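Down below is the structure, laid out as structure tokens.
The values are calculated or read from the model by the stated rules, or taken from the named source; none is laboratory data. This is a predicted model, so every value here is computed, not measured. Because the Cβ atoms are built from the backbone with ideal geometry, glycine has one as well, and the counts that use them run over all protein chains shown.
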Amino acid sequence: MKEYDVVIVGGGPAGLTTGISARNTYPDKKIALIRKEEIAMIPCGIPYTIHTLEKVEDDILPDAPINKNNIDLIIDRVVNASDHSLELASGEKITFRKLVIATGSVPFIPPIPGIDKKNVWFVKKEKNYLEKMKKGLNEAGTVIIIGGGFIGIEVADELLKAGKKVYVIEKLPSLLPLAMDREFGDMAKEVLTSLGAEVLTGVTVKEITGAESVDGVLLDNDKKIAGDAIVIAAGYRPNLELAKDLELKIEERYGIVVDEYLRTSREDIFAVGDCAVKRCCFTGEYSKIMLASTAMAQGRLAGSNLFEIKVIKGFLGTLGTFSTKIGNTAFGVSGLTEEQVKRIGIDYVVGINETVDRHPGKLPGASKIYTKLIYSKYSHILLGAQVKGGDSVGELVNMYSVIIQNRMTDMEIDTLQIGTHPLLTSSPIAYPVINATVNAILKWYKG
């Protein structure tokens, strides 16, 4: 029997970050990380293993940080858990003083007849499975993607680059329906369509057809679409097997219930990442958001506070900050969308700006940027930001995340001191965050 001060179950971004944070905070503690995968993957890079990356192994999450931080890596699977002890599939038993559950999430399997047929693929986080999927998709001529969220459109973009005929089917009225407002979903549809994809929104797959292997799908409007392979990109669900074994309090759809310091309903057990409940930082409601950035923030906080509260600051809740790229067009969002603000019932003002991310705009590499900011009408803080443009969107959306987390007001942003350069940024006269903010200020000032 091996004895550890800290045992982390799960080797993704949340588990790895927890281990590093724990080692930095508690240099003398004995730490182990248990994961079932021989080789861990970088979750966000998985869609790009289809075409852009030559090999699936080019997306490996390296073990170097584990070894560098003197963390024992155990490749095994937990089969039984009881009070301060774990039994592994190999028969080995391990005891712990503190346990961190970072078991992540698993693809949601929608109840579609025929979903178990050959050449139906899920976006899993397993190297061997992804190698088979890459081969299967490369052999296909036409691929149907069920789900129009971030992963669905990223997979579509990869398959289009590989020269495939691609269909994207989303049951809600627009693409990116849970993350961005409809006009941005429509923009994403325009980009995919311009690249050769056929995008169907507001329709549902009634059946996956074919004998042993798929030959297409039947929609709820009785339209048949032929295809050689199908990718299911219908979201993920928290992996709660270990939590159930330990009889922790859970919310089946959202994850393991944790407090502000990621402590579960049982003493000495923490949960981080996709398997842990997230709460919206504005409303406190449970959130379905699953992000590596959120997981790592949770891991840093939990790892620092395992034995005593050293960071006197609770996790503020989940601020969804996403970015993606289709072709040469990037999309980013942080915070609440206009649709979400309406549902919550906040009185708000929208600021819009369109400019270019170089000055002058004729410089090589310049891209148009469309910005939509949502402010609380009476408290004047920024609630959400959505952006479409070139590669600069990736860092702009991170700036919006910082602004939202620090509860900056429109007047503070209006007087923001910034640095600009012709080859790197928009003009200081037309800087998107400031000009979109001014647009919002004028609306509440005049109205």
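Evaluate the following for T52: is it part of a helix (DSSP H, G or I) and either out of contact with any strand residue (DSSP E or B) (no Cβ under 9 Å at 6 or more places or on another chain) or in contact (Cβ under 8 Å) with a residue 12 or more places away in the chain (or both)? Show your work before the answer.
Numbers: part of a helix (DSSP H, G or I): no; either out of contact with any strand residue (DSSP E or B) (no Cβ under 9 Å at 6 or more places or on another chain) or in contact (Cβ under 8 Å) with a residue 12 or more places away in the chain (or both): yes.
Answer is no for this residue.
Out of all the residues in region 405-440, which are buried (at least 19 other Cβ atoms within 10 Å of the Cβ) and farther than 17 Å from V356 by Cβ?
Listed by number, the residues that qualify are D410, I413, T437, A440.
Here is a list of conditions, (1) surrounded by 17 or more Cβ atoms within 10 Å (Cβ to Cβ); (2) closer than 23 Å to A440 by Cα; (3) in contact with a helix residue (DSSP H, G or I) (Cβ under 8 Å, 6 or more places away or on another chain); (4) not small (G, A, S), and I352 meets all of them except one; can you say which number that is?
Tallying (1) surrounded by 17 or more Cβ atoms within 10 Å (Cβ to Cβ); (2) closer than 23 Å to A440 by Cα; (3) in contact with a helix residue (DSSP H, G or I) (Cβ under 8 Å, 6 or more places away or on another chain); (4) not small (G, A, S), I352 fails exactly one: (1).
Just to be sure I understand, how many residues within region 270-298 are among the small types (G, A, S) and closer than 21 Å to G45 by Cα? Before you say what the answer is, go through the steps one by one.
Looking only at region 270-298, we keep the residues that are among the small types (G, A, S), and these are 271, 273, 276, 284, 287, 292-293, 295, 297.
From what is left, the residues that are closer than 21 Å to G45 by Cα are 273, 292-293, 295, 297.
Residues that pass the stated criteria total 5.
Considering each of E198, E154, E190 in turn, give the residue that is touching a strand residue (DSSP E or B) at 6+ places or on another chain (Cβ under 8 Å) and farther than 23 Å from T49 by Cβ. Quick ask: steps written out before the conclusion?
On the way: E154 fails: farther than 23 Å from T49 by Cβ; E190 fails: touching a strand residue (DSSP E or B) at 6+ places or on another chain (Cβ under 8 Å).
Result: E198 is the single residue among E198, E154, E190 that is touching a strand residue (DSSP E or B) at 6+ places or on another chain (Cβ under 8 Å) and farther than 23 Å from T49 by Cβ.
Yes or no: T264 more than 28 Å from L160 (Cβ to Cβ), among the polar types (S, T, N, Q) and at pLDDT below 95? Quick ask: steps written out before the conclusion?
Numbers: more than 28 Å from L160 (Cβ to Cβ): yes; among the polar types (S, T, N, Q): yes; at pLDDT below 95: no.
In short, no.
Of all residues in region 238-253, which are closer than 18 Å to G12 by Cβ and in a loop (DSSP other than H, G, I, E, B)? So that I can check it myself, show each step before the final result.
Initial filter on region 238-253 (closer than 18 Å to G12 by Cβ): 238-243.
The answer is N239, L240.
Residues that are touching a residue at least 24 places away in the same chain (Cβ under 8 Å) and of a type in the set (V, I, T): find the helices (runs of 4 or more DSSP H) completely inside region 301-415 holding 2 or more of those.
Here the list reads 338-344, 393-405.
Scan K224, K164 and give me the residue that is surrounded by fewer than 19 Cβ atoms within 10 Å (Cβ to Cβ), among the basic types (K, R) and at pLDDT 95 or above. Walk me through it before giving the result.
On the way: K164 fails: surrounded by fewer than 19 Cβ atoms within 10 Å (Cβ to Cβ).
Checking each option against the conditions leaves just K224.
Give the residues of region 262-277 that are over 19 Å from the mean Cα position of the chain (by Cα) and not in a loop (DSSP other than H, G, I, E, B), sorted by residue number.
R263, I269, F270
I'm trying to understand the selection: among the residues of region 142-159, which are closer than 21 Å to K224 by Cα and either of a type in the set (D, E, K, R) or not in a helix (DSSP H, G or I) (or both)?
T142, V143, I144, I145, I146, G147, G148
Name the residue that is farthest from the chain's Cα centre (by Cα), counting only residues in region 278-300 that are assigned to a helix (DSSP H, G or I) and free of Cβ contacts under 8 Å to residues at least 60 places away in the same chain. Explain how you work it out, then say what you get.
As a first pass, look at region 278-300 and keep what is assigned to a helix (DSSP H, G or I): 292-300.
Still in the running and free of Cβ contacts under 8 Å to residues at least 60 places away in the same chain: 293-294, 297.
Details: S293: 8, T294: 8, A297: 13 Å.
Out of the qualifying residues, it is A297.
Only one residue in A64, A81, A14 is more than 22 Å from M290 (Cβ to Cβ), modelled with pLDDT of 95 or more and either surrounded by 15 or more Cβ atoms within 10 Å (Cβ to Cβ) or out of contact with any Asp or Glu (no Cβ under 9 Å at 6 or more places or on another chain) (or both). Which one? Full working, then the answer.
Numbers: A81 fails: modelled with pLDDT of 95 or more; A14 fails: more than 22 Å from M290 (Cβ to Cβ).
Just a single option satisfies the conditions, and that option is A64.
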